[in-house]
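FYI, it's all coordinate maths here, none of it is from the lab. Predicted, not measured: the structure shown is a model, and the values here were computed from it. Cβ coordinates were reconstructed from backbone atoms using ideal geometry, including for glycine residues, and neighbour counts include every protein chain displayed.
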Amino acid sequence: MAGFMQQIINGLSIGSVYALMAVGYSLVYSIMNFSNFAHGGVIMIGAYIGFFLLAAYKMPFYVAFALAGAGAGLLALIIERVAYSPLRKRKAPFLYFIISAMGASIFLENIVIATIGPTFKTYPKVFSTQPITVGSLSVGRLDLIMFVISAISLAILIFVIEKTKIGMAIRGTAYSVRASALMGVNTDHVIMIVFGLGGLLGGIAGMLFGMKYTVYPQIGFITIKSFIAAVFGGLGSLPGAVIGSVLLGIIETLTSGYLSSQFRDLIAFALLIVVLIVRPMGLMGKFTEDKA
Amino acid sequence: MNILEFNNVTKQFGGLTAVGNVDFQVAKDSIFGLIGPNGAGKTTIFNLITGIYHVTEGEILFEGKRINGLQPYQIAQLGITRTFQNIRLFKKLTIYENILTACHENGNYGIFDAILRNGKYKKQERIMHEKTQTLMEIMGLEDRKDIIAANLPYGWQRRLEIARALASNPKLLLLDEPAAGMNPDETLKLMTLIHEIRKQFKVTMIVIEHHMDLIMGVCDKIMVLNFGQKLAEGTAQEIQENKKVIEAYLGEEEMHC
Amino acid sequence: MDWFYIQGILILAGINLLAVLGLSLLTGFTGLFSFGHAGFMAIGAYTTAIMSVKLHLPFIPSLMIGGLIAALVSLLIGKLTLNLKGDYFCIATLGLGEAIRLILDNVQYLGGARGWPGIPLKTTLLNVVIIDIIGIIILVNLIRSKHGRNMIAIREEEMASQIIGINVFRYKMISLMISAIYAGVAGGMLGHYLGFLQPKMFQIVKSTELTIIVIFGGLGSISGSVLGALVLTSLPEMLRTFAQWRLVVYGIAVIFIMISRPQGLMGGHEFSFHAVKKIISSMFYRKKQRGLGGR
Amino acid sequence: TPKGTPDTGQKAGEPEVVKVGWIGSLTGDQAVWGQCELNTVKMMFEEINAKGGLLGKKVEVIGYDTRGDATEAVNAVKRLTSQDKVIAIIGPNASGQAIAISSVLEEMKVPDIATVATNPKVTVVDGKVKPFNFRVCFIDPYQGAVAAGYAADVLGFKKAAILYDVADDYSQGLTEFFEKYFIEKGGQIVAKEAFKSGDVDFRPQLSKIKESNPEVIFMPYFFKEVALSANQARELGINAVFMGGDGWPSDVLIEMAKDAIEGSYIVNHLDFNDPEVQDFKAAYKAKYNKSVELNGYLAYDAVKLLEAAVNKANSLDPVAIRDALETASVKGITGQINISKETHNPEGKDAAIIKMVNGEYVFQQKYSAK
Amino acid sequence: MLSIRDLNVYYGGIHALKGVSIDVEEGQIVSIIGANGAGKSTLLNAISGMVKPKEGRILFKGKELPPAPHKIVELGISQVPEGRLIFANLTVKDNLMMGAYLRKDKIGIEKDLEKVFALFPRMKERIHQMAGTLSGGEQQMLAIGRGLMSNPDLILLDEPSLGLAPLLVKTIFDIIESIQQMRKTILLVEQNAYKALSIADKAYVLEQGKIVKEGSGKELIKDKSIQEAYLGKKQKSEETLA
Ligand SMILES: Nc1ncnc2c1ncn2[C@@H]1O[C@H](COP(=O)(O)OP(=O)(O)OP(=O)(O)O)[C@@H](O)[C@H]1O
Ligand SMILES: Nc1ncnc2c1ncn2[C@@H]1O[C@H](COP(=O)(O)OP(=O)(O)OP(=O)(O)O)[C@@H](O)[C@H]1O
Ligand SMILES: [Mg+2]
Ligand SMILES: [Mg+2]
């Protein structure tokens, strides 16, 4: 039983990593309707910014944290301007965005390898790595922090999207850029805000990831997991992204713990497909009958 | 003989009953009008017939056979097809390609025939191209053959939708507001076209329209829906004189002039 | 440049092209976006190798069986996932690709993650070119038929396709199976070109590489796929001298080409056989004209 | 000539510079090792040139990136052998690529000396030695046997657990042989858990391993994952001794997991503190301002081996070099290298057992599996 | 208030508007009629900044219009587009609020919301329904309501009666007149030429991208050629109805 509880804790901890990454990804998806594969690159750069600020410039954690978020947000904006905006202007189909995004992610990964170098970097210790133990269970401090930060940023995000005017404009633009423009929405701004926010979340995710694990050019790779988690939870739904992530984390740990770690991903994928067969729009995705 | 029968059909969306206990029959070779206020459930009835929505209760018979529960394509293959209120063309294809694609049931050959380009393929393709050509002529689209569907003005898009629907040789054709976006003159031409289609293709039609001239001018029988319920049914004359219909749908003014 | 080296690149481009042609049918013409085609390549590659190494079958029958088994697997997968829409299908295929790789990593009989050396070298430029040409002809013929038109209709407007009697699920399935056959055969050729197989070769990166080529060449354009395969297979080779900067440049190049030609290389030519014809005829035309003394 | 073999002992206007190829990962997740190898080769060639070159000619390295991909390795070797006309190739560090290139080497008749490609099949397949493939490192079965032997015989462990990377060839190789020999020695594998390249969290597997109470955990993978998994294991309260292979050694490992790996044992190619190694280490550091990774030492030996073979053959002809390599023998930085004609491996090379003490790689002893 | 001079719009090779000039006075209803594909929607889209004209000037209150659509809305021009373009993924309420996106006066917004609900009680009933699932006519009501919510000075209506039941068509034209009463200016594109001309202070006939006729609504309704081309049916239907 203690083993089981520990595995659940492990799952929650991995899940909250996926969740932080998935939220930013899902946000951009919900507006632009394409999978922003450059998000992994943004997360990675966020992690590096945080690392350098802490390790080389010895900044206080909160400053570094804010700057990593801001830097990644800025990067996301630049990517939007350079790689997507020209496509948007020409009304290219979403697949072209995906390719451009892949180009950007290849670029980001390799520019880091070529300049900073391929070796992984270790964050200086900010929080004690001593886990909090309750009986025979142990929870990492950083895990708790990540959990809290994901929850807070999600709550803020949902509030912004659902309750504010800019949120409404974001949702409107998500459906139709043209109609929103006719309503007086500066759609260019809205899209930039979305990318900025997505990048900001990515930067935060990257920095926390870096603190928990390490920083290296291939961090972006792990975002495939959060991509899967977002689909699992229902694309475009922010709470779905979080729930999908946490579930994926738990499924993965329980599979490794009780079934087979060799075939963990196989089993996780099989489960994913079963879920999608039963609920083709993911767990929290809205299923709307197509209206003719 | 009835080609289509609705027996006590109900469709609910959550708490909303879009179609409630509706019964009606459509006689073969007739033109059946379906009218009613906005949101009365007319399009929903089309969606139920074509299998895009599933009925909540009741049954739909086509040529005496129950069709609810079938897939849309199966229903189409039985001989029911439609146009859409919100136009759904193959946007990036040309007019010709739109119709040619819809002609797919007119020629019969397998994948291997296609790969080998054998005689069968060639012969059947010719049939399909001929059919397309004929349809283009009847619908008056032949000189716009290569225009991409998305770039057509609204009115022509509607025409193309009808042409595409006819391409699959339907026995029952459902037209959802075919005259929307047409001016009175064009609507008049559409009426002629509908008569023409009936003559040439021997197809039964159900027409949803808010242009009363068209409905009154072409329909043998009309059913009026209101809030998902049948309000009245009868000939054009009967419907126009029906107090309830005037009150709920037509409005007074129309009757005075 | 040395022919030996160029020949190697051409063979690879040809192998990529075959997989890309299949994917082009699925993505470009049917509108389904797959991230798992490397998985079908893997199945084809390992099956072909089993046939030729363990069962001593000749190369061509081995390839065909490789393609067929890939198609069979795609049938199973398709049954489960083809009802999913857009990115959901995409994720399912991504999962499939990874799952196949994971299984191969664990099957020690086929070398596991350590790979399978000693596969006979049977792939030559000649047989690659022949198979590619056959592949192109089949695809062009298919697309120019009612079956191809039905697939395009599904891409354009799924609901309208159903309403005119197209069995959407069936055609998606056919498209997936054909693309799996292409990928499978391509995989078989790859194994017999390198003489070595390793699950690592069929990572997501490989799938995305194929997708990039399809889109890069121009969706729904076969000539675009041909051009895309050639350009994108040789581009990293041309950038060799950049050493660790190579992929940096590659990434920039991809973005640059996308934003400067957002319809892909052959963009705007919906029906590639038009494009092919046009290119070929314009080539002839130009030559003729030049022959006659220029324009 | 379409398929011309590069006849380097050739015609008029003999090239003033001899070219040697190098392939490996300059990008991708293996780039740490590749970049270090190429740096080492460059540095060594400068030294050789300073001393008069190879048979009086200046030697130059042409290095191509493979992204860790077998197909790319084949392309790169095709280019090196046909267009660049190199006399020999050094690298790659991964077995998959080394195996894939052998058909090209045979066709073009150019020898290759792999650095850290430890899969037996790099040089021998189905009992037949591949004529143009050589290497300077020991092989997986040997390394696995050393690790198992040392754990069982010297350290006296009876219960071992294994955590390995299921998607990695190197990791699978070591796992298989460690398991085999440890059981042969009467030990018991109490848990065998896998992860997949790219994972960063190993707690689920480690939690399971913890329940099986092993005395030693064998961790045959690379140092990034080692650092992460070691830290996580200690966090979960696992006290077992860790043991690993040549994927471990690196300064970065110590930096990140100093406490977690304290007391661990590593099977290595050499003793880092050996006085004979210090010059190279210092020279590298001075030149590149980075510490040398393990691969650098083996790249060093590969260059030494090549130099010895060229001198022995007294020719720059690739085939002559190949013939000389078959019986070459040289004192390398990782030990005495005596290439065996039957296996093209450096036979009888001892492994160095290293223990982590106070955050240092401390040499224990040379050890060889019987 | 609005004056357009020599407007030329191209879609690639298609010359959709060929030197169109129109004038709209403050407080007027100006109707534009024309066959399918004449370029009516294109004209409205050019005013809204959704298509960029190649040549020509559009002056609003004497000033050149800025290029960005949202800037144009800011100046007080709002369009009820053809084909509705409602936000299918937003509720009815949010759609209406999107209409008021640029407004800051909370009280005014509330008032206008009530006005819209008074005009279309159905919208109030369905306030929380996802707009995408509304019936065609309901969507049209929503689109008009949304257009009103921005409280514009000039409102561009592109076929507002499209798909509406006869009773509602009548209501819509009543509404248009009552909007005019609120001292707003209206540029109306309609297929229902008879109705459009009867309420218009001024009207233009657009054929194949060119203005071929202009005059007061009353004049044009009596014009023989227009009766034939655009109203012909009206007379006939009156016969049938009689
Ligand atoms: N998928 C759905 N979910 C919820 N409500 C729906 C859905 N589809 C239709 N409705 C509702 O059902 C009712 C009937 O809609 P329907 O489209 O059939 O109307 P209609 O008679 O065609 O009207 P119109 O003439 O305006 O097109 C409407 O109130 C509509 O809002
Ligand atoms: N996006 C576009 N690309 C190419 N051509 C277009 C585009 N939009 C409109 N057109 C063409 O421009 C011309 C004018 O179209 P427009 O939509 O303005 O006509 P309309 O008068 O509004 O017609 P309708 O009454 O059918 O709405 C038509 O010939 C149409 O085919
Ligand atoms: Mg309707
Ligand atoms: Mg229009």
Helix D:223-235 versus the longest principal axis of chain D: what angle, 0 to 90°, nearest 10, using Cα atoms? 10 degrees
Please compute the net charge surrounding A:ILE228, taking Lys and Arg as +1 and Asp and Glu as -1 over other residues with Cβ under 11 Å from its Cβ. -3
If you look for lysine pairs in the stretch E:80-151 that are eight or more places apart or on different chains, how many of them have Cα atoms under 15 Å apart? 7
What percentages make up the Cα-Cα pair-distance distribution of the stretch C:3-294 when the bins are 5 Å wide from 0? 1, 6, 12, 16, 18, 17, 13, 9, 5, 2, 1, 0, 0, 0
Length-normalised contact order of chain A in % [C-alpha pairs under 8 Å, at least 6 apart]: 37 percent
Where q = 0.12, 0.18 Å⁻¹, what log10 of I(q)/I(0) comes from the Debye formula for the stretch E:80-151, counting one point per Cα? -0.25, -0.58
Between A:ILE116 and D:PHE363, what is the label-to-label distance in nm when each label sits 7 Å out along the Cα-to-Cβ direction? 3.6 nm
Inside 10 Å of the C-beta atoms of E:81-93, what's the mean count of C-beta atoms belonging to other chains? 4
Among the aspartates and glutamates, which have Cα under 18 Å from the Cα of C:LYS54 when same-chain residues fewer than 8 positions away are ignored? D:ASP126
Relative contact order for the stretch E:80-151: what is it in percent, counting Cα pairs under 8 Å that are at least 6 residues apart? 55 percent
Neighbour counts of other C-beta atoms within 10 Å: give me A:VAL278, A:VAL190 arranged from fewest to most. A:VAL278, A:VAL190
Shielding by other protein chains, B:9-18, mean Cβ within 10 Å: 1
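For a quick protection proxy, order the peptides A:58-71, D:28-41 by their average other-Cβ count within 10 Å, most packed first.
D:28-41, A:58-71
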Candidates A:ALA38, A:ALA92, A:ALA55, ranked by Gaussian network fluctuation over chain A, Cα under 10 Å, top entry: A:ALA92
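Add +1 for every Lys or Arg and -1 for every Asp or Glu among the other residues with Cβ under 13 Å from the Cβ of C:ILE103, and state the total.
Once all neighbours under 13 Å are counted, the net charge is 0.
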Averaged over D:59-66, how many beta carbons belonging to a partner chain fall within 10 Å of each residue's beta carbon? 2
Going by average Cβ density within 10 Å per residue, which order do the peptides E:208-217, E:54-63 take, highest to lowest? E:208-217, E:54-63
Chain D: relative contact order from alpha carbon pairs under 8 Å, six or more residues apart, as a whole percent, is 17 percent
What number do you get for the protein assembly as shown when its Cα radius of gyration is normalised by 2.2 N^0.38 Å, N = residues? 1.03
Just from the alpha-carbon atoms, what are the Rg and Dmax of chain B in angstroms? 19.1, 67
For D:ASN239 and A:GLU162, what does the FRET efficiency come to when R0 = 56 Å and r is the distance between their Cβ atoms, rounded to the nearest 0.05? 0.70
For chain A, compute the number of Lys pairs whose alpha carbons are separated by less than 25 Å, excluding pairs fewer than 8 positions apart on the same chain. 12
Members of D:LYS159/D:LYS224; B:LYS28/B:LYS91; B:LYS11/B:LYS171 lying beyond 29 Å, as alpha-carbon distances in this model show: B:LYS28/B:LYS91
Dividing the helical contributions, -39500 (n - 2.57) per DSSP H run of n ≥ 4, by the residues of chain D yields a 222 nm value, nearest 500 deg cm²/dmol, of -11500 deg cm²/dmol
What is the calculated FRET efficiency for D:ASN273 to A:LYS58, with r their C-beta to C-beta distance and R₀ = 30 Å, to the nearest 0.05? 0.40
Averaging over every viewing direction, what projected area does the convex hull of the Cα atoms of the stretch B:89-167 cover, in nm²? 5.0 nm²
Order these by the 10 Å Cβ neighbour count, fewest first: D:GLU106, A:GLU109, B:GLU209. D:GLU106, B:GLU209, A:GLU109
Least to most buried among E:THR171, B:THR132 (fewest other Cβ within 10 Å first): E:THR171, B:THR132
Ordering of B:189-200, B:225-236, D:136-147 by packing [mean C-beta count within 10 Å, highest first]: D:136-147, B:225-236, B:189-200
Estimated FRET transfer efficiency (D:ASP126, A:SER128; beta-carbon r; R0 41 Å; 0.05): 0.15
